[in-house]
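Notes follow the structure.
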Amino acid sequence: MPDFIVDDTRLRYELTGEKGPVIVFLNGIAMTIGHWKPVIQAMGEGFRCLCHDFRGQTLSDMPSGPYSFELHGADSFRASASSRVRDTPRSSRCPGA
């Protein structure tokens, strides 16, 4: 899985699929890239899916906070740019909400 660097912070992302529209999946609290795998498999072929671990989540670095929704949102768009994905729908999930 590739990484990208933002302000000296390494963030992990994964882009799956070879063709079709791209959907970006955003982790909820305590989620990781791996939580999206069943959803991506259920969607079948025909989509490219971009997932990334936010700052402080699993395979990304954990710099000192505070973290904000705005910061996580900016990181999501940077993940898209790093993987050369543009103008995509985004889906998020927060278990227990």
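Derivation of every value follows stated rules applied to the coordinates shown; laboratory data play no part. On a predicted model such as this, the values are computed, not experimentally measured, just so you know. No Cβ is skipped: glycine too gets one built from the backbone with ideal geometry, and neighbour counts run over all protein chains shown.
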Per the list (1) in contact (Cβ under 8 Å) with a residue 60 or more places away in the chain; (2) surrounded by fewer than 18 Cβ atoms within 10 Å (Cβ to Cβ); (3) part of a strand (DSSP E or B); (4) among the β-branched types (Val, Ile, Thr), residue check on ILE23 breaks on (2)
The condition from (1) loosely packed, with under 14 Cβ neighbours inside 10 Å; (2) within 15 Å of ALA81 (Cα to Cα); (3) not charged (D, E, K, R) that GLY65 misses is numbered (2)
Counted residues in the range 40-77 being under 13 Å from PHE4 (Cβ atoms), more than 10 Å from the chain's Cα centre (by Cα) and assigned to a loop (DSSP other than H, G, I, E, B) come to 4
The condition from (1) on the phi > 0 side of the Ramachandran plot; (2) exposed (fewer than 13 other Cβ atoms within 10 Å of the Cβ) that ILE29 misses is numbered (1)
